Each structure stands twice: as structure tokens, then as C-alpha cells.
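S.K.: I'd like to ask some things about the structure below.
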Amino acid sequence: MIESPPQKYNPIKVEKNILKFWDDNKIFQKSIDQRNGCKPYVFLEGPPTANGMPHPGHILTRVIKDLICRYETMKGHYILRKAGWDTHGLPVEIEVEKQLGLEDKQGVDEYGIKKFNDECKKCVFKYENAWVDMTKRIGFWLDMENPYITLKNEYIESVWWSLKQAWDKKLLYKGHKVVPYCPRCGTALSAHEISQGYKSVKEPSIFVKFKLKDEDAYFLAWTTTPWTLISNVALAVHPDEFYVKIKYNNQILILAEERASTLLKDQNYKLLDGFKGKELEYK
């Protein structure tokens, strides 16, 4: 029997040795200094919020950022990699509201805006050390000694400056947009905030017959949101798709040609007519 050779390679130990070598010899800083004067490649760190623990999703995005910056450095670019912390927004506010037992924005007003803001500033760096350790552990070269912080006046003023430049160049305009709104939080919500807590569920779907207004026939429609039927005011058809009129179980039905071949593939029905969706307009 052939015995397997002893496994001498310890990947975790090797990684830690490399990280220590980089740190001891300031390899990250040297990689920037040796490109001083070269064509810049601008890297803007999309800052994380440090009031929550980092997770595998954060690691993935940080690895990709590091990969691109290393690649562009190898191509000869000068890249400043400045870290940042996002200290604004709902995640921080909601966390503090829970800690203080505040149920709504009226509770925040009663508690005091300044006191509430001070508590938010304390909370926002709750897991800063965990974020710094994770960033170093995965080998993400980033200047975390001099980060930009969105609650600092110099950062806020830089945003005002940027907006002023956009305004002077007539790049800002006033418009209207439908956005999700939270009455409890008293603010609009981002798509990211809406998606939190989503899970896969099974929902009912139904087929519904809609009577044509001037003949004894029905449109056959399928919906996965039956709770919206109470407010239905119209049906939509695709102008360039083909629809068929069939006789099935002594009823005249109109439905999409592709759906008929699937839905009624084992049923007996009589084809009466066919047309493009455009011909069904206003029926």
C-alpha cells in the first residue's frame, strides 16, 4: 500500500507570512511611490458602513476592487487607494433607534436631534476594527490610516463643491421620479434597502376570462398577481405577437399562440382565427 506523503503546505501560514512581509517592508506604499509621476488611474472607494459586521459579500467586492487596482498598477498607472467610511443613512439611524427604544421619527424629535446625531456618530464605527482586520486579511491594499469619512465637514464641503461644479455646467435639473417611501422612517428608500429581507416564496397564479364587449368570446389572461385584479381597467397585448381565436369546451377564447400550444397541448380545440396583437386594440 502506497502511503500519501505528509502535507507540509499550510496555506493559512503562507498567507500570514506574505501579509507580514508586505507590512514589514511597506510593499503597498512602495507600489504607489514607484509609479509617482505616471498617468493616474482614479480609484474611488465605495465606502462601507462600519456599524455592521463584514460578510462574504463584502469580501467579494473588495477582492474585485483590489484586483483591478493591482492590474492597472502593473500597467504603469499611479493609483491612490484611499479608504472611506459611509456614516450616513438609514442603517445607522435604525440601529440607534432600536438601541434607544425609539419607535418613530416623533420619538427622535422628542429625544433631541443633536443627542440622536451624537449617538449615531458613536454607533457608526462599532465594527471598525473588524472591517480593518478583514481588509488586511484578504490582502486588499488600501490606505486605511487616512480615510475619508462622510460625517466630516471637509467631506461634506467637498460634496457641496462637486454639486456646484455640476450646477455651473448645467448638469443638474429638476425632475420627477417614483420612489419607494417609508412612512415610519419618513424618507425615500433605495432599491438596496427595499431588497433587504427578501426571500423566495410560492404565490398563486390564475387564468382569468375577460369578456369582449361586442361578441360572445373571451380573452384568456394569466396573472401571478391575482390580488391586483380588483383594480384592473385594461388588458395589454403585444402589437407584433400572434394571437389565436379557438373554440374549447363550447367557449370562444382568444390567447397568445405560443401559450395555446403549451396550455392546451393535450386538449381538443378548434382553431377559428389568428391575428397580430395590433388587430385586438380597443376590443
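The values are calculated or read from the model by the stated rules, or taken from the named source; none is laboratory data. Here the structure is a predicted model, which means the values were calculated and not measured. All Cβ positions, even for glycine, are placed from backbone atoms using ideal geometry, and neighbour counts span all protein chains on display.
S.K.: Output the residues belonging to the stretch 140-183 that are acidic (Asp, Glu) and either in the same structural domain as Pro48 (by TED's automatic domain parsing) or surrounded by 12 or more Cβ atoms within 10 Å (Cβ to Cβ) (or both).
M.R.: Listed by number, the residues that qualify are Asp143, Glu145, Glu154, Glu157.
S.K.: Can you tell me which of Leu163, Leu212, Leu220 is closer than 30 Å to Phe125 by Cβ and of a type in the set (A, V, I, L, M, F, W, C)?
M.R.: Just a single option satisfies the conditions, and that option is Leu163.
S.K.: From Asp24, Asp66, grab the single residue that is surrounded by 11 or more Cβ atoms within 10 Å (Cβ to Cβ) and either over 32 Å from the mean Cα position of the chain (by Cα) or at pLDDT 95 or above (or both).
M.R.: Asp66
S.K.: Can you confirm whether Ser195 is of a type in the set (Gly, Ala, Ser), within 30 Å of Glu93 (Cα to Cα) and either outside the structural domain of Pro91 (by TED's automatic domain parsing) or surrounded by fewer than 10 Cβ atoms within 10 Å (Cβ to Cβ) (or both)?
M.R.: It is true that Ser195 is of a type in the set (Gly, Ala, Ser), within 30 Å of Glu93 (Cα to Cα) and either outside the structural domain of Pro91 (by TED's automatic domain parsing) or surrounded by fewer than 10 Cβ atoms within 10 Å (Cβ to Cβ) (or both).
S.K.: Which of the residues spanning the stretch 81-104 are among the acidic types (Asp, Glu), in contact with a helix residue (DSSP H, G or I) (Cβ under 8 Å, 6 or more places away or on another chain) and in contact (Cβ under 8 Å) with a residue 60 or more places away in the chain?
M.R.: Answer for the stretch 81-104, where residues must be among the acidic types (Asp, Glu), in contact with a helix residue (DSSP H, G or I) (Cβ under 8 Å, 6 or more places away or on another chain) and in contact (Cβ under 8 Å) with a residue 60 or more places away in the chain: just Glu93.
S.K.: Tally time: how many residues in the stretch 114-133 are in contact with a helix residue (DSSP H, G or I) (Cβ under 7 Å, 6 or more places away or on another chain) and either part of a helix (DSSP H, G or I) or at positive phi (or both)?
M.R.: Of the residues in that region, 4 qualify.
S.K.: Please specify each residue of the stretch 216-234 satisfying the condition of being out of contact with any strand residue (DSSP E or B) (no Cβ under 6 Å at 6 or more places or on another chain) and within 21 Å of Leu264 (Cβ to Cβ).
M.R.: Result: Asp216, Thr223, Thr224.
S.K.: Another question, if that's okay. If Glu119 passes every condition in (1) outside the structural domain of Leu263 (by TED's automatic domain parsing); (2) closer than 30 Å to Ala236 by Cβ; (3) surrounded by 10 or more Cβ atoms within 10 Å (Cβ to Cβ) but one, which one does it miss?
M.R.: Status for Glu119: all satisfied but (2).
S.K.: So, one more: Using the structure shown, decide if Val178 is without any contact (Cβ under 8 Å) to a residue 24 or more places away in the chain, among the hydrophobic types (A, V, I, L, M, F, W, C) and not in a helix (DSSP H, G or I).
M.R.: yes
S.K.: Okay, next question. Taking the condition part of a loop (DSSP other than H, G, I, E, B), surrounded by 12 or more Cβ atoms within 10 Å (Cβ to Cβ), hydroxyl-bearing (Ser, Thr, Tyr) and assigned by TED's automatic domain parsing to the domain that holds Gly186, does Thr87 pass?
M.R.: Yes: the conditions hold for Thr87.
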